[in-house]
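The block underneath contains the structure these notes are about, expressed in structure tokens.
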Amino acid sequence: MPHSYSTERSAKLRDEILGASRILCIQPHHDDNDIAAGGTFALLADHGVEVHYLTVTDNLAGVTDPDLSDADAAAILSGEQQRAGTEIGVHAQYDLGLPDAGAWDEVELRRSFIEHIRRVQPDYVFTCDPWLPHEAHRDHLRTGILAGEAVMFHAMPRFKTRPEVDDAWTPHEVRGLVLYYTLDENLVIDIAATRERKHRAMSCYPSLIAGPALDDLHRGIGFVEGQRGEPEGFAHAEAFKLLRPRQLHCAIARRS
Ligand SMILES: [Zn+2]
């Protein structure tokens, strides 16, 4: 399988993120972090990294039972997410509850991302790649772009969030935006040690996916893990694009 990244650079980036203190993982839906990167997040948690999950939507469009009330479905989803987080070793979870596949105030959502970056002080922000060529789900596109803007803007004091957050805030450096669900990887992580926990976490959402569809998901993700691992001889891997904040705006320098 051809690949265009440097395996040496990938190994360096891997060591860099394993040395992080905290990461903030911003996902559109309850299960995206686990499906795309659960093996890596479990590995980071095992290395003592504080893993914080921030979920943008209420995910109600994905609930398969049409007879559940919204309130009941939200309560069930919240319990499922807690169980998945325990499998992975997630330190804290935050939910914004925006309507799944609905209308959002994007400036307000970016403000909320900046607020969480200022509170959590992550070394890296993970999210879905909004530049995946054929991505059609706008929840993923909007989440990825606004997370990128938040990484660019969080240290600028004229961007206000809430007084109690801004007054207590000391600017810090986010070292990278790390994109999952990507085809443009520069960081590939062997998940041999944590893959079982990842797949157990993926099975924690029966309200969203169960039975043969869940079996298909495990198979499909297993196939991708094998593809991503192949260039380096890993049986199963997860792939990411790590971008420095300076690369997120008008970045036209060619790599020398
Ligand atoms: Zn999603």
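The values are calculated or read from the model by the stated rules, or taken from the named source; none is laboratory data. Quantities reported herein were computed from a predicted structural model and do not represent experimental measurements. Cβ atoms come from the backbone with ideal geometry, glycine included; neighbour counts cover every protein chain shown. We work out accessible area using only protein heavy atoms, side chains counted, and drop any ligands, DNA or RNA first. Shrake-Rupley method; radii C 1.70, N 1.55, O 1.52, S 1.80 Å.
Things to note:
- Residue (of His134, Ala73, Leu18) at the positive-pole extreme of the chain, dipole from beta-carbon charges: Leu18
- Amide H contacts of Ile191 (H built 1.01 Å from N, in plane; Pro and chain starts excluded): His236, Ala237, Glu238 sit under 5 Å, all sequence-distant by 5 or more or on other chains.
- Charged-residue dipole, Cβ positions (Lys, Arg, Asp, Glu), the stretch 169-256 about Cα centre, Debye nearest 20: 400
- Kirkwood Rh and Cα Rg combined as Rg over Rh, evaluated for the chain: 0.95
- Comparing mean-square fluctuations of Glu196, Glu164, Glu173 from a GNM of the chain with C-alpha springs under 10 Å, the top value falls on Glu164.
- Dipole moment magnitude, nearest 20 debye, the chain about Cα centre, only Lys, Arg, Asp, Glu C-beta charged: 1140
- Placed amide H near Cys25: partners under 5 Å, 5+ positions off or other chain: His52, Tyr53, Leu54, Phe126
- With the highest mean first, a sort of the peptides 60-66, 185-191, 44-50, 84-90 on other beta-carbon atoms found within 10 angstrom per residue produces 185-191, 84-90, 44-50, 60-66.
- What the chain shows is 48 Å² of accessible area per residue, with the surface traced by a 1.4 Å probe over protein heavy atoms.
- Over the chain, dividing the summed -39,500 (n - 2.57) contributions of all DSSP H runs of at least 4 residues by the number of residues returns a 222 nm mean residue ellipticity of -13500 deg cm²/dmol.
- Accessible surface of the stretch 7-246, 1.4 Å probe, proportion on carbon and sulfur as whole %: 52
- Taking the stretch 13-37 and a reference point 7 angstrom along Cα→Cβ of His47, the backbone N atoms nearer than 15 Å belong to 13-24.
- Length available on full extension from Ala213 to Ala155: 0.36 nm per residue minus the Cα-Cα distance, which gives 16.6 nm.
- Packing around the peptides 175-183, 155-163, 51-59, 204-212, taken as the average count of other Cβ atoms within 10 Å per residue, puts them in this order, highest first: 51-59, 175-183, 204-212, 155-163.
- If you plug the beta carbon distance of Ser21 and Val224 into 1/(1 + (r/R0)^6) with R0 = 25 Å, you get a FRET efficiency near 0.30.
- With the highest mean first, a sort of the peptides 217-223, 128-134 on other beta-carbon atoms found within 10 angstrom per residue produces 128-134, 217-223.
- Principal axis box of the stretch 97-222, alpha-carbon based, largest edge first, Å: 50, 34, 29
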